[in-house]
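The structure under discussion appears below in the form of structure tokens.
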Amino acid sequence: MRSAKIIIIGGGVVGASAAYHLAMRGETDVVILERGSIQGTGSTGRATGGVRSQFETEINVRMSLYSVDFFRNCEFSTGYDPKGYLFFSTDTSVFEQMKRNAVTQAAFGVEGIEILDADGIRKMIPAMNCDDIVGGVFGASDGFINPVAVMSGFSRRAIDLGAQIVLGRSVSRINVAGGRVAGVSMPDGEIGADAVVVCAGAWSRGLAESAGVNIPVEPLRRQIVWARCKDRVPENLPMVIDAGSGFHFRPAIDFWEPEDKTGSGRDILFAYPDRDERPSFNTEFDETFAKKVYEMARKRARFLFESEPEREKCRAGLYENTPDHHAIIGACGVEGLYFATGFSGHGVMHSPAAGRAISEIILDGEASFLDVKCLSPERFERGELLKESGYI
């Protein structure tokens with residue numbers, strides 16, 4: 001392969017979405033370069049698979065609304081399951097902020113937002129300790145998707161339309177000549193291109209630097225405990241999140257084998273954002289994390305605390321964090337170089353909106369279905385950072 005019109009670096013769910021949306025617009029001279037030998041073994045396959053519209057900023061809410069509608073109605077299976085998201089708080093001031101956010105979300109078009117007191121939460125999840133909870137917010141249209149299924153659906157359709165995906169190709173450098181993209185370099189050669197889209201998640205910063213561009217994306221390990229409860233997980237259990245600590249849990253599904261019944265409805269995922277974690281590319285699961293998260297589970301629900309971890313299914317992946325925990329979507333000072341990265345844990349859920357946005361920016365100069373200018377890389381230089389309290 002000597003050249004392609006558009007090269008996408010990264011074959012995870014965001015890169016696959018970008019290829020899909022370009023191909024749907026008729027741009028099929030597109031090549032995805034994926035460093036892994038199997039697509040989806042990076043951050044996509046290690047995600048929790050949640051999707052929600054409960055955010056503070058308008059751009060996140062609108063990206064979620066578009067993406068949820070896509071997951072619900074698209075041509076391929078996404079595993080969309082609207083079990084809901086329940087945010088609860090043990091702090092009155094945090095609860096008041098959550099209620100204000102709910103009003104804002106409703107104004108942007110989010111439906112099914114319900115404010116609950118402690119008794120309402122107790123009725124929803126009787127097995128959870130609610131003694132210290134002051135209230136919460138439940139979003140009925142939020143829920144779960146299968147990240148691997150979404151990625152595969154995007155990829156299959158893009159390939160059917162003429163795009164290509166090449167596995168086992170690690171890009172070492174983005175080549176620039178005369179202020180514009182010329183292609184990419186790999187250990188085994190170069191490929192020329194008119195445009196390059198960086199969808200490489202936690203690895204995006206180094207690639208950007210090779211083109212003389214600085215984007216503030218840091219890798220941060222996020223770990224998840226997969227455990228098996230003594231009895232079946234409570235029926236219709238939503239994603240449950242402590243808005244203060246970030247501790248959260250949800251029913252577990254094997255994204256690679258979604259029909260696997262070995263857990264018999266007893267498997268659970270739970271995690272929290274470990275404040276002791278420092279930026280790194282470490283994706284090894286740490287046994288000490290399990291001890292920390294079980295101590296949090298002890299306080300919240302007996303069925304969680306008394307579960308047994310499935311060591312071989314516990315996992316760690318990488319968040320691609322930006323300073324304001326919002327994505328970077330757009331062009332930069334190098335002509336023909338684009339970014340769809342830095343999603344800070346929201347890449348899977350926002351992949352439909354992100355893929356369409358970057359495809360429109362490439363083909364039309366700007367995204368018309370949604371104004372994403374606030375997510376441009378230049379916002380960091382201008383000091384126009386966004387504020388999101390719903391970061392987990």
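The values are calculated or read from the model by the stated rules, or taken from the named source; none is laboratory data. Source: prediction; values computed, not measured. Cβ sites come from the backbone with ideal geometry, for glycine too, and all protein chains shown count toward neighbours.
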Quiz item: How many residues does the stretch 104-115 contain that are without any contact (Cβ under 8 Å) to a residue 12 or more places away in the chain and either under 12 Å from Q54 (Cβ atoms) or within 22 Å of the chain's Cα centre (by Cα) (or both)?
Solution: 1
Exercise. Select from the stretch 150-176 the residues that are among the hydrophobic types (A, V, I, L, M, F, W, C) and either on the phi > 0 side of the Ramachandran plot or part of a loop (DSSP other than H, G, I, E, B) (or both) and list them in ascending order.
Key: L161, A163, V171
Quiz item: So, in the stretch 34-60, of the ones that are over 14 Å from the mean Cα position of the chain (by Cα) and part of a helix (DSSP H, G or I), which residue ends up surrounded by the most Cβ atoms within 10 Å (Cβ to Cβ)?
Solution: I59
Practice problem: Go through the residues of the stretch 139-149 one by one and say whether even a single one is outside any strand (DSSP E or B) and in contact with a strand residue (DSSP E or B) (Cβ under 6 Å, 6 or more places away or on another chain). | Solution: yes
Self-check item: The lone exception for S185 - which of (1) polar (S, T, N, Q); (2) crowded, with 17+ Cβ neighbours inside 10 Å; (3) assigned by TED's automatic domain parsing to the domain that holds L337 it fails
Solution: (2)
Self-check item: Residues within the stretch 22-33 that are charged (D, E, K, R) and surrounded by 18 or more Cβ atoms within 10 Å (Cβ to Cβ), tallied
Solution: 1
Practice problem: May I ask you to list the residues in the stretch 327-348 that are surrounded by fewer than 21 Cβ atoms within 10 Å (Cβ to Cβ), among the small types (G, A, S) and assigned to a strand (DSSP E or B)? | Solution: A331
Exercise. May I ask you to say which residue of A127, A102 is surrounded by fewer than 19 Cβ atoms within 10 Å (Cβ to Cβ) and assigned by TED's automatic domain parsing to the domain that holds S307?
Key: A127
Self-check item: Some residue of the stretch 213-228 being surrounded by 15 or more Cβ atoms within 10 Å (Cβ to Cβ), over 25 Å from the mean Cα position of the chain (by Cα), not assigned by TED's automatic domain parsing to the domain that holds I253 and not aromatic (F, W, Y)
Solution: no
Quiz item: Among the residues of the stretch 288-309, how many are part of a helix (DSSP H, G or I), closer than 25 Å to S43 by Cα and not aliphatic (A, V, I, L, M)?
Solution: 5
